[in-house]
Amino acid sequence: MSTSKEITKQDLQPQQRRELPQRSIRPNVDILEDETGITLRADLPGVTKQGLDIQVDNETLSIDGKAEIDTPEAMQALYADVCATRYQRSFSLSSELDGDKAEANLKDGVLSLRIPKREQYQPRKIEIRNG
């Protein structure tokens, strides 16, 4: 018969300790397009403005958010459906979109990101002159 012992982080020798990989959640996203650009809406519950990083590099949009989940002092979770507190998602952007003019808003855990189309791709009205 074998006995088992739960090994905790404190039981490991310094050379055996290593950081556990940080898991991330892929947030649900809606992408809406109109004639002037796209609007991306991402569900990021628990993420604050300070914990959110949005970057456009070349034609890649990256969203990285860290959720702040408060646990009452002197309490520890025995069970949790969600263990990761980091959200990550990236997208390839069309060359029609102007990532430099992107605008973001975070309200009630929902990120709303507006990326306009470049001027040359937006519809324009052509003036008709008298002949």
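The values are calculated or read from the model by the stated rules, or taken from the named source; none is laboratory data. If you're wondering where the values come from, they're calculated on a predicted model, not measured in any experiment. Note: ideal-geometry Cβ built from the backbone for every residue, glycine included; neighbour counts use all protein chains shown.
For the stretch 27-79, what are the residues that are in contact (Cβ under 8 Å) with a residue 40 or more places away in the chain and among the charged types (D, E, K, R)?
Glu35, Arg41, Asp43, Lys49, Glu59
Considering only the stretch 99-131, state which residues are touching a residue at least 24 places away in the same chain (Cβ under 8 Å), out of contact with any helix residue (DSSP H, G or I) (no Cβ under 6 Å at 6 or more places or on another chain) and farther than 20 Å from Asn28 by Cα.
Correct list: Gly99, Asp100, Lys117, Tyr121, Gln122, Pro123.
Being among the hydroxyl-bearing types (Ser, Thr, Tyr) and surrounded by 10 or more Cβ atoms within 10 Å (Cβ to Cβ) is the filter; apply it to the stretch 75-94 and report the residue that is farthest from Ile25 (Cα to Cα).
Within the stretch 75-94, the match that is farthest from Ile25 (Cα to Cα) is Ser94.
Would you mind telling me which numbered condition in (1) exposed (fewer than 11 other Cβ atoms within 10 Å of the Cβ); (2) in contact with a Leu (Cβ under 7 Å, 6 or more places away or on another chain) Lys107 fails?
(2) is the only condition that Lys107 fails.
When the residues of the stretch 114-126 are narrowed to those that are part of a loop (DSSP other than H, G, I, E, B) and modelled with pLDDT under 90, which ends up surrounded by the most Cβ atoms within 10 Å (Cβ to Cβ)?
Gln122
Just checking, which of Ile38, Ile25, Ile54 is surrounded by 12 or more Cβ atoms within 10 Å (Cβ to Cβ) and more than 20 Å from Arg118 (Cα to Cα)?
Ile25
Search the stretch 14-55 for residues being modelled with pLDDT under 90 and charged (D, E, K, R), and hand back the single one that is farthest from the chain's Cα centre (by Cα).
The extreme case among them is Arg17.
Give me the residue from the stretch 75-106 that is modelled with pLDDT under 85 and small (Gly, Ala, Ser) and, out of that set, nearest to Leu44 (Cα to Cα).
Per the criteria, the residue is Ala84.
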